[in-house]
1. Which of the residues that make up the range 49-80 are assigned to a helix (DSSP H, G or I) and over 22 Å from PHE11 (Cα atoms)?
2. Those residues that are farther than 16 Å from TRP117 by Cα and assigned to a loop (DSSP other than H, G, I, E, B), I need them from the range 127-148; list them, please.
3. Here are some conditions: (1) over 23 Å from SER6 (Cβ atoms); (2) more than 13 Å from the ligand (Cβ to nearest atom). LYS64 meets all but one. Which one does it not meet?
4. Between a residue in the range 64-78 that is farther than 9 Å from ALA43 by Cβ and any residue that is outside any helix (DSSP H, G or I), which pairs come within a Cβ distance under 6 Å, given they are 6 or more apart or on different chains?
5. Looking only at residues that are of a type in the set (Val, Ile, Thr) and closer than 18 Å to TYR74 by Cβ in the range 7-46, which one is nearest to the ligand (Cβ to nearest atom)?
6. Identify the single condition in (1) hydrophobic (A, V, I, L, M, F, W, C); (2) more than 16 Å from the chain's Cα centre (by Cα); (3) surrounded by fewer than 16 Cβ atoms within 10 Å (Cβ to Cβ) that LEU108 does not satisfy, given that it satisfies every other one.
7. Filtering the range 120-140 down to residues that are in contact (Cβ under 8 Å) with a residue 24 or more places away in the chain and within 21 Å of the chain's Cα centre (by Cα), which residue is nearest to GLY107 (Cα to Cα)?
8. Identify all residues within the range 1-48 that are part of a helix (DSSP H, G or I) and closer than 25 Å to SER82 by Cα; write none if there are none.
Amino acid sequence: MLHARSYEQPFDGDLQLDIFQEVRRLWPGILLFNGGVYTPEKAKEVLAATKADGLGIARGAWGKPWLFSQIKQYLTTGTYDSPTWEAIKQVMLRHAQLALAHKNDYGLIELRKHLGWYTKGRPNASDLRAKLVRVSALDELTAILANA
Ligand SMILES: Cc1cc2nc3c(=O)[nH]c(=O)nc-3n(C[C@H](O)[C@H](O)[C@H](O)COP(=O)(O)O)c2cc1C
């Protein structure tokens with residue numbers, strides 16, 4: 001997996017597709033493109049431009065773990081579905097359950113930033129985020145989301 005950016009531009013700046021294309025020419029094995037893939041449209045664009053075998057996605061999946069299935073759907077059908085707020089809330093609860101199961105209470109502390117990312121673009125998201133960044137129990141999260 002190759003992140004198509006220079007050392008000087010670790011996380012931002014233009015993607016350097018030419019460097020990736022050069023590696024593609026030199027390396028016949030499996031090669032994954034990484035960097036700046038936040039949408040299904042971008043995924044399709046870089047796959048076409050680089051002939052990569054697949055993608056590595058980091059920040060694009062923050063608060064959007066369904067991005068992977070959206071990309072798959074977009075590449076096969078040319079369109080993709082976005083989850084409803086009700087579905088997103090179910091994902092948030094499932095994420096919280098898994099965080100608790102794997103890391104106990106510390107998992108919920110770590111989860112707080114993810115809960116904020118899940119609300120991106122929601123109306124009145126800042127009010128909701130103010131509550132989510134203080135969550136310390138699953139029951140509490142369930143109650144907040146029931147009214148959100
Ligand atoms: C929170 C965070 C942790 C990361 N940890 C690692 C790491 O341990 N090793 C690594 O090679 N890259 C790491 N990266 C870099 C990513 O793998 C990736 O190359 C970079 O974020 C660019 O991809 P993106 O635009 O999809 O985020 C990390 C990135 C982030 C945001």
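Values in this text are rule-based calculations from the coordinates and carry no lab data. Because the structure is a prediction, the values reported are computed rather than measured. Note that we place each Cβ from the backbone using ideal geometry, even for glycine, and neighbour counts take in every protein chain shown.
1. Let us first name the residues in the range 49-80 that are assigned to a helix (DSSP H, G or I), namely 49-50, 59-61, 67-77.
Hits for the range 49-80 are SER69, GLN70, LYS72, GLN73, TYR74, LEU75, THR76, THR77.
2. Restricting attention to the range 127-148, the residues satisfying the condition of being farther than 16 Å from TRP117 by Cα are 136-140, 142-143, 146-147.
Within the range 127-148, SER136, ALA137, ASN147 meet the criteria.
3. Condition not satisfied by LYS64: (2).
4. Sorted first by the residue in the range 64-78, then by its partner, the pairs are TRP66/PRO83; GLN73/TYR80.
5. Our first condition is that a residue be of a type in the set (Val, Ile, Thr); within the range 7-46, this holds for 19, 23, 30, 37, 39, 46.
If we keep only those that are closer than 18 Å to TYR74 by Cβ too, we end up with 37, 39, 46.
On the way: VAL37: 6, THR39: 12, VAL46: 11 Å.
Selected residue: VAL37.
6. Unmet for LEU108, out of (1) hydrophobic (A, V, I, L, M, F, W, C); (2) more than 16 Å from the chain's Cα centre (by Cα); (3) surrounded by fewer than 16 Cβ atoms within 10 Å (Cβ to Cβ): (3).
7. First, the residues of the range 120-140 that are in contact (Cβ under 8 Å) with a residue 24 or more places away in the chain: 120, 122, 135-138.
Checking the rest, the ones that are also within 21 Å of the chain's Cα centre (by Cα) come to 120, 122.
Numbers: LYS120: 21, ARG122: 24 Å.
Only one residue tops the list, namely LYS120.
8. Let us first name the residues in the range 1-48 that are part of a helix (DSSP H, G or I), namely 17-26, 40-48.
Hits for the range 1-48 are PRO40, GLU41, LYS42, ALA43, LYS44, GLU45, VAL46, LEU47, ALA48.
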